[in-house]
Amino acid sequence: MTPKLIEHINLKLHEKWSPEQISGWLKFNESIKISHETIYQHIWRDKQRGGILFKALRRKGKKYQSRNKDKQAGRGFIKNRVSIDERPQVVDDKSRIGDWEIDLVIGKGHSGALVTIVERKTRFTVSIRVNDKSADTVTAATIVLLTPYKNVVETITADNGKEFAYHEKMASDLGCDVFFADPYCSWQRGLNENTNGLLRQYWPKSRTS
């Protein structure tokens with residue numbers, strides 16, 4: 001990387017931009033193609049040299065917990081759960097519009113939450129606040145959010161929270177397939193995780209509404 005490019009990257013990191021955001025900004029504003037993985041490598045090299053760029057990351061450079069993916073998720077087993085291993089390769093390729101990732105952003109004292117759903121190719125995001133994270137509430141909110149885009153809902157990928165226990169109703173009402181990431185593998189829904197990090201800047205956990 002050139003000194004000028006490094007200057008761009010470091011400046012955006014200090015402004016709390018994620019590597020994914022920086023990669024997109026450089027592509028569309030500076031016509032520079034550099035992957036977010038390369039930016040992460042730049043951060044790790046800086047850390048090894050005693051630098052502090054990693055502190056600008058939302059996870060402060062912490063790695064996701066690594067556990068045996070064959071174990072059931074800690075928050076409970078979901079009936080008729082379909083593993084991400086059965087998800088079509090086209091979803092990983094991001095070659096079409098219609099593959100979504102879903103999650104919750106929990107409020108202070110678990111008094112409320114945001115249902116967040118992001119489309120993998122376009123990064124288009126929809127979100128709504130709910131008063132609780134019961135499966136009934138989250139399922140209803142999901143259907144409300146995605147019904148206007150029903151013609152471009154092919155798949156939804158969720159984590160293993162019990163709030164997604166009624167995935168079969170989601171699939172039926174939206175005409176899509178629902179898949180579940182491996183337990184403790186948040187990186188398999190990395191776009192959704194990053195999106196939630198952005199939302200936290202405007203809806204911190206200390207807020208209740």
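The values are calculated or read from the model by the stated rules, or taken from the named source; none is laboratory data. Quantities reported herein were computed from a predicted structural model and do not represent experimental measurements. Here the Cβ is made from the backbone with ideal geometry for all residues, glycine too, and neighbour counts use every protein chain on show.
Report, by residue number, each residue of the stretch 2-12 that is surrounded by 14 or more Cβ atoms within 10 Å (Cβ to Cβ) and either free of Cβ contacts under 8 Å to residues at least 12 places away in the same chain or under 24 Å from Arg189 (Cβ atoms) (or both). Result: Lys12, single match. Filtering Val178, Val138 for residues that are touching a strand residue (DSSP E or B) at 6+ places or on another chain (Cβ under 9 Å), buried (at least 19 other Cβ atoms within 10 Å of the Cβ) and without any contact (Cβ under 8 Å) to a residue 60 or more places away in the chain leaves a single hit, Val138.
Considering the stretch 13-48, the residues that are of a type in the set (D, E, K, R) and within 18 Å of Thr195 (Cα to Cα) include one that is surrounded by the most Cβ atoms within 10 Å (Cβ to Cβ), namely Glu20. Based on what the data block shows, is Arg129 surrounded by 13 or more Cβ atoms within 10 Å (Cβ to Cβ), over 18 Å from Val178 (Cα atoms) and either among the charged types (D, E, K, R) or touching a helix residue (DSSP H, G or I) at 6+ places or on another chain (Cβ under 9 Å) (or both)? Yes: the conditions hold for Arg129. Among the residues of the stretch 75-91, which ones are within 19 Å of the chain's Cα centre (by Cα) and either surrounded by fewer than 13 Cβ atoms within 10 Å (Cβ to Cβ) or modelled with pLDDT under 50 (or both)? Selection gives Arg75, Ser83, Asp85, Gln89.
Put simply, of Asp136, Asp92 the only residue that is of a type outside the set (A, V, I, L, M, F, W, C), within 30 Å of Glu37 (Cα to Cα) and out of contact with any Ser or Thr (no Cβ under 8 Å at 6 or more places or on another chain) is Asp92.
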